[in-house]
Amino acid sequence: MSLQDIAGDYRQGAGIVLLNTRGYVLICRRIDIEGGAWQMPQGGCERGETPKLCALRELKEEIGTSSAIVLAESKDWHQYDLPEPLRARAFGGRYIGQRLKWFLMRFTGKDDDIDLQMHNQEFDGWIWVPPDHVPELVVAFKRPMYQAVLEEFRERLKLARSSH
């Protein structure tokens with residue numbers, strides 16, 4: 001079974017829950033959505049690319065650094081549907097949403113290593129936030145997916161926060 005068979009009408013991709021040394025999560029503000037929608041780094045897999053390799057590539061492209069180590073991979077695929085008005089223009093109108101494999105990563109660099117202009121710039125700002133605050137800050141249509149991802153990584157997130 002190919003990744004496309006798994007994804008169906010959803011764009012196949014990977015997402016990153018990037019933690020700093022305090023156990024806070026990186027979220028970035030999109031430049032292409034009015035009102036500044038926040039999200040964790042994520043993106044679509046290229047042909048033949050595994051979700052893990054996709055996550056590492058997206059990290060480098062979106063935040064300009066590969067200074068991270070993988071701590072965990074989600075056992076589940078998590079998906080979201082795009083709101084109807086966005087479907088026609090997002091992903092060339094080919095998908096109704098995205099299905100993502102998520103990776104919990106520890107950022108091993110310094111904040112100065114983050115460079116949002118490294119590649120095709122998608123974000124114009126970033127902040128570190130406590131994991132519990134991520135869902136309230138992200139765009140509404142991704143909120144249920146983010147809550148499920150954070151719940152799946154809950155024990156590891158608590159451990160990361162308590163080790164600080």
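Mind checking which residues of the range 21-50 are touching a Leu at 6+ places or on another chain (Cβ under 8 Å) and either open to solvent by less than 20 Å² (accessible area, probe 1.4 Å) or of a type in the set (Lys, Arg) (or both)? First the steps, then the outcome.
Of the range 21-50, the ones touching a Leu at 6+ places or on another chain (Cβ under 8 Å) are 23, 25-28, 38, 40-42, 45.
Passing the criteria: GLY23, VAL25, LEU26, ILE27, CYS28, MET40, PRO41, GLN42.
What do you reckon, is ASP132 modelled with pLDDT of 90 or more and of a type in the set (D, E, K, R)?
yes
Do we find that ARG94 is farther than 16 Å from ASN20 by Cβ, at pLDDT below 90 and loosely packed, with under 13 Cβ neighbours inside 10 Å in this structure?
yes
Looking only at residues that are modelled with pLDDT of 95 or more and either in a loop (DSSP other than H, G, I, E, B) or β-branched (Val, Ile, Thr) (or both) in the range 1-21, which one is farthest from the chain's Cα centre (by Cα)?
ASN20
Would you confirm, using the coordinates I've provided, whether SER74 is open to solvent by less than 10 Å² (accessible area, probe 1.4 Å) and polar (S, T, N, Q)? Steps first, please.
On the way: open to solvent by less than 10 Å² (accessible area, probe 1.4 Å): yes; polar (S, T, N, Q): yes.
Yes.
What do you reckon, is GLY109 without any contact (Cβ under 8 Å) to a residue 60 or more places away in the chain and open to solvent by less than 60 Å² (accessible area, probe 1.4 Å)? Give the derivation first.
Working: without any contact (Cβ under 8 Å) to a residue 60 or more places away in the chain: yes; open to solvent by less than 60 Å² (accessible area, probe 1.4 Å): yes.
Yes; evaluated as a whole, the condition is true for this residue.
Looking at LEU104, LEU150, which one is crowded, with 19+ Cβ neighbours inside 10 Å, aliphatic (A, V, I, L, M) and touching a Pro at 6+ places or on another chain (Cβ under 9 Å)?
LEU150
Only one of ALA88, ALA55 is without any contact (Cβ under 8 Å) to a residue 40 or more places away in the chain and aliphatic (A, V, I, L, M); which?
Just a single option satisfies the conditions, and that option is ALA88.
Residue check, ALA88 against (1) at pLDDT below 95; (2) crowded, with 17+ Cβ neighbours inside 10 Å, all met but one. Which one?
Going through (1) at pLDDT below 95; (2) crowded, with 17+ Cβ neighbours inside 10 Å one by one, ALA88 breaks only (2).
Identify all residues within the range 30-44 that are over 17 Å from PRO144 (Cα atoms) and modelled with pLDDT under 90; write none if there are none.
Hits for the range 30-44 are ARG30, ILE31, ASP32, ILE33, GLU34, GLY35, GLY36.
With respect to GLU136, is the statement that it is open to solvent by 20 Å² or more (accessible area, probe 1.4 Å), in contact (Cβ under 8 Å) with a residue 40 or more places away in the chain and assigned to a helix (DSSP H, G or I) true?
Here the answer is no, as GLU136 does not meet what is asked.
The values are calculated or read from the model by the stated rules, or taken from the named source; none is laboratory data. Keep in mind that what you see is a predicted model, and the values were worked out from it rather than measured. Positions of Cβ are backbone-derived with ideal geometry, glycine not excepted, and every protein chain shown enters the neighbour counts. Only protein heavy atoms, including side chains, enter the accessible area calculation; ligands, DNA and RNA are left aside. Shrake-Rupley method; radii C 1.70, N 1.55, O 1.52, S 1.80 Å.
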